[in-house]
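Here's the structure, in structure tokens; my notes come after.
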């Protein structure tokens, strides 16, 4: 039987689950209790969350009271491709020598009970995101040929057929070639308004004249570039944008990474500077990076550890102000080797505190890799363990609950600052947090009051 006959029941089951969630928002359990603050400037800072986006959306509705406050939601979910996708992690060290890239699993697009499970997953989130959107809000759903036709029908039912705005085709050059079909070179983006009052600002693009020659029409402005003469017209619904290439400065190594240019068009057309925009399957963090560039407040979420590590590093490099939320707390123990030095400053009651990152002992049980990749990892673990870290930060005023770093050090071009210094007037606790290349996080708490002045290696 065709799936089309199952769509009404999928929709109804999703609606019932949505209603249960709405009823439980007032009394339901607390999600995302762990919070770390990075470069926060105000209460309106952006949010980066690691965990199930269904839990996170409930958190936004219940704790953040965000119903009707979101201007733009972009969803780039798994495409129901029935495939697994690897990330590419390149480690480099003189101590280890030349090694091939490690390819850990980024995410699986596999659904044990089939397409109906997948569509119900999406539908419940569509219902809740509709509640988050303002009356002027917009929804963009990014898919390809596998299921976009089914999702269009479901979105028509949830958002209303009249609120469908555009089907945008993203055309790219990259990808494979087909021997029994035309080569697939495009994705499909579905654009809906929350209401008929959705915000939209048309973007402009070049339209080259026939023969690339001037028309000289009265009142029509014409321009010339290296190709020839053109006019500026409202952008059409087919977008020619290349994928992120191997040599691109944007490239993170994350599977299915989207180019910032694509997301900038969506953000610019459907939001204003200062508006809140969200990506609930954020992957490599391209949407957040584009929103940051365009002065939007952003919300990003992903359940994958590698995705979270990638986004955290990417936004930290950009010095973005954001709050990090995680469903799982940091591991606390001896994975991080930290040296702490406290020196008095003459004629003052202040102290110069130096924190040195000396080592990292990765728990191999936290990583699932192929045998050859595990052997590479063991070499780095033994000879250059700090290369396994993607990011570390220091909070000199740790309150025992929230890691609120004043200094952060992402790895760039295979190098990372290992020493952090700060003048402090108290001798409280310091927290040091690190995230490795697989997204595993570790926290170590040091007590400055227990450190003799000058120098002492901390052993917890």
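The values are calculated or read from the model by the stated rules, or taken from the named source; none is laboratory data. Keep in mind that what you see is a predicted model, and the values were worked out from it rather than measured. Note that each Cβ is placed from the backbone with ideal geometry, even for glycine, and that neighbours are counted across all protein chains shown.
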Any residue in region 362-378 that is part of a strand (DSSP E or B), in contact with a helix residue (DSSP H, G or I) (Cβ under 6 Å, 6 or more places away or on another chain) and not assigned by TED's automatic domain parsing to the domain that holds residue 97? no
Scope region 65-93; condition modelled with pLDDT under 95 and surrounded by 21 or more Cβ atoms within 10 Å (Cβ to Cβ); matching residues: 87, 89
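Whether any residue in region 126-139 is at positive phi, surrounded by 17 or more Cβ atoms within 10 Å (Cβ to Cβ) and at pLDDT 95 or above is what I want to check.
Checked region 126-139: no residue is at positive phi, surrounded by 17 or more Cβ atoms within 10 Å (Cβ to Cβ) and at pLDDT 95 or above.
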For residue 118, state whether it is farther than 22 Å from residue 25 by Cα and part of a helix (DSSP H, G or I). yes
Filter result (part of a helix (DSSP H, G or I) and either within 14 Å of residue 441 (Cα to Cα) or assigned by TED's automatic domain parsing to the domain that holds residue 34 (or both)) within region 379-413: 386, 388
As an exercise: evaluate residue 11 against (1) over 24 Å from residue 299 (Cβ atoms); (2) assigned to a helix (DSSP H, G or I); (3) at pLDDT below 95 and give the number of the one condition it does not meet. (3)
Of the criteria (1) without any contact (Cβ under 8 Å) to a residue 60 or more places away in the chain; (2) in a strand (DSSP E or B); (3) under 25 Å from the mean Cα position of the chain (by Cα), which one residue 432 fails: (1)
Count, please, the residues in region 94-120 that happen to be within 20 Å of residue 54 (Cβ to Cβ), surrounded by fewer than 18 Cβ atoms within 10 Å (Cβ to Cβ) and touching a residue at least 12 places away in the same chain (Cβ under 8 Å). 6
Within region 336-347, is there a residue that is surrounded by fewer than 18 Cβ atoms within 10 Å (Cβ to Cβ), touching a helix residue (DSSP H, G or I) at 6+ places or on another chain (Cβ under 7 Å) and either assigned to a strand (DSSP E or B) or not assigned by TED's automatic domain parsing to the domain that holds residue 36 (or both)? no
Would you check if residue 197 is part of a loop (DSSP other than H, G, I, E, B) and at pLDDT 95 or above? yes
